[in-house]
Structure formats: structure tokens, C-alpha cells
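These notes are about the structure you will find just below.
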Amino acid sequence: MYTLAEENYLKAIFKLSQITENVSTNQIAAELATKASSVTDMLRKLAEKLLINYTRYQGVSLTQTGEKVAINIIRRHRLWEYFLVEKLHFKWDEVHDMAEEMEHISSNELIDRLDEFMGFPSRDPHGDPIPDSKGNFKKNDLKPISAVGVNTCGIISGVKDHSTAFLQYLEKHELTIGKKITIKEIITYDNAVILQMENKDIQISRDVAINLLIAL
């Protein structure tokens, strides 16, 4: 029903709308690494298809139909990531680009059967919630390590940064989903954090603390 480019735009707008109510053209351009003029052209097309509400210079929001399409794309992406990690044993830092391609397979029957085959998982390998077949999913109630205080205990449950470099860093230091950690110290000078995990201390930078999410 929709082109690959249209689906990518809808997904990007949905992602940005979780941060701001009216998404700007420049925000979309930055998210998709494209020119603002190209974004404007696509927004007109999406508005004509009643997928977005768009008035130039006033920001963009998804219509109910547009949001439904975007959530369905996100569902496909996260289910494919889960499948690639849990069933084909890829590492969590290897699956994003593959899932980016596979998310555009449009068969809802295939995705529903994939979901059932895997036991209806609620979260992908990076801790992000997976929408169900009706588009419902739990909002993330996770907190970045940078937002909690000393002596806080939690379980690593998600990441904000999905880049290969970041995920490989976490893997190297065994800071992976399901690990229990305690914030032992916050260094005043640079806001680096010392974590205690499995009777050993690990120091992480402020940037890592911002992008590593825990469940309390």
C-alpha cells in the first residue's frame, strides 16, 4: 500500500512525536539524513494520502491512520529483530539493518504467524516494547542510569542508542539486558558513574549512563 520511503517517513515522525507534539521539517530531515526540501515534498504526499496533518511552518503530526501504519512498521521491525536474535542467534548489534529491510514485508498474516511462532514476545532484544496485532504496546517506564541516584538498584532493560558501536561496547563490558546493577558512585567532575555488577565495579561515562536504561 505504501512505498518504502513513505513508511520510513511515518516511522520517523512517530519516533520524533514521542519527544515533541509537533514535529518540524528540520527534525525529520536530521532523523532521515536528508535535505529539508526533500522532506517538504514527501510531507505533501503523505498529507494528500491523509496520513499526516501538515501545515507548512507549523509542524507535522500523524493522523489516526498514519499512526496505525507507523506502529505496524515498528511491530514488524521489532519482531524481526527478536526472531533474528532468538531463533537465528545473531548478536543484538547485528540485527538492526537487517530488520530495517525486513520491516517492509507487507504481509500481516506472515507477521501474525511470526508473532505466534515466537510466543508473542513483549520486548525486542534491545528492550523496546513490541506492539501487538491491534497496535497496543506498553510504554517504556525505564529510566536512564544518569537519572537515578547513588545506591539505586535496577535491572538493565533497554537502550536509547541502537548503534552497533554502543551495543558492542555494552557486550564487551557485559552490560546486557537482564543484568542487575547498583549505582555505587557518581563522579562529580564528569558525571561518570561507577556501577557494581556481580561483585565487581565498572566505570561508565556520562554518555553511556544517558543511553543505558534500567527497570527499578
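The values are calculated or read from the model by the stated rules, or taken from the named source; none is laboratory data. Bear in mind that the values here come from a model prediction, so they are computed numbers and not experimental data. Cβ: placed from backbone, ideal geometry, glycine included. Neighbour counts: every protein chain shown. The protein model used for the area step is the full one, side chains on, heavy atoms only, and it has no ligands, DNA or RNA in it. Shrake-Rupley method; radii C 1.70, N 1.55, O 1.52, S 1.80 Å.
Observations on the model:
- When the criteria are applied in full, PHE137 meets the requirement of being of a type in the set (Phe, Trp, Tyr) and in contact with a strand residue (DSSP E or B) (Cβ under 8 Å, 6 or more places away or on another chain).
- Every residue from segment 102-121 that is open to solvent by 30 Å² or more (accessible area, probe 1.4 Å), at pLDDT 95 or above and either among the hydrophobic types (A, V, I, L, M, F, W, C) or over 18 Å from LYS68 (Cα atoms) (or both): MET102, LEU110, ARG113, GLU116, PHE117, GLY119, PHE120
- Scanning segment 156-169 for residues that are at pLDDT below 95 and open to solvent by 70 Å² or more (accessible area, probe 1.4 Å) turns up just one, LYS160.
- Total residues in segment 196-216, condition more than 15 Å from GLY127 (Cα to Cα), touching a Ser or Thr at 6+ places or on another chain (Cβ under 7 Å) and open to solvent by less than 40 Å² (accessible area, probe 1.4 Å): 1
- Residue check for ALA70: surrounded by 20 or more Cβ atoms within 10 Å (Cβ to Cβ), assigned to a helix (DSSP H, G or I) and among the aliphatic types (A, V, I, L, M): yes
- Test set (1) surrounded by fewer than 20 Cβ atoms within 10 Å (Cβ to Cβ); (2) of a type outside the set (Gly, Ala, Ser); (3) under 14 Å from the mean Cα position of the chain (by Cα) - VAL95 fails condition number: (1)
- Number of positions in segment 170-195 that are open to solvent by 40 Å² or more (accessible area, probe 1.4 Å) and touching an Asp or Glu at 6+ places or on another chain (Cβ under 9 Å): 6
- Positions within segment 197-213 being aliphatic (A, V, I, L, M) and under 11 Å from LYS160 (Cα atoms), in sequence order: VAL208, ALA209, ILE210, LEU212, LEU213
- Selection count where residues are in contact (Cβ under 8 Å) with a residue 60 or more places away in the chain, within 15 Å of ASN191 (Cβ to Cβ) and not polar (S, T, N, Q), scope segment 141-155: 3
- Evaluating ASP128 against the criteria (1) free of Cβ contacts under 8 Å to residues at least 60 places away in the same chain; (2) out of contact with any strand residue (DSSP E or B) (no Cβ under 6 Å at 6 or more places or on another chain); (3) closer than 27 Å to ALA70 by Cβ; (4) open to solvent by 70 Å² or more (accessible area, probe 1.4 Å) leaves one unmet condition, (4).
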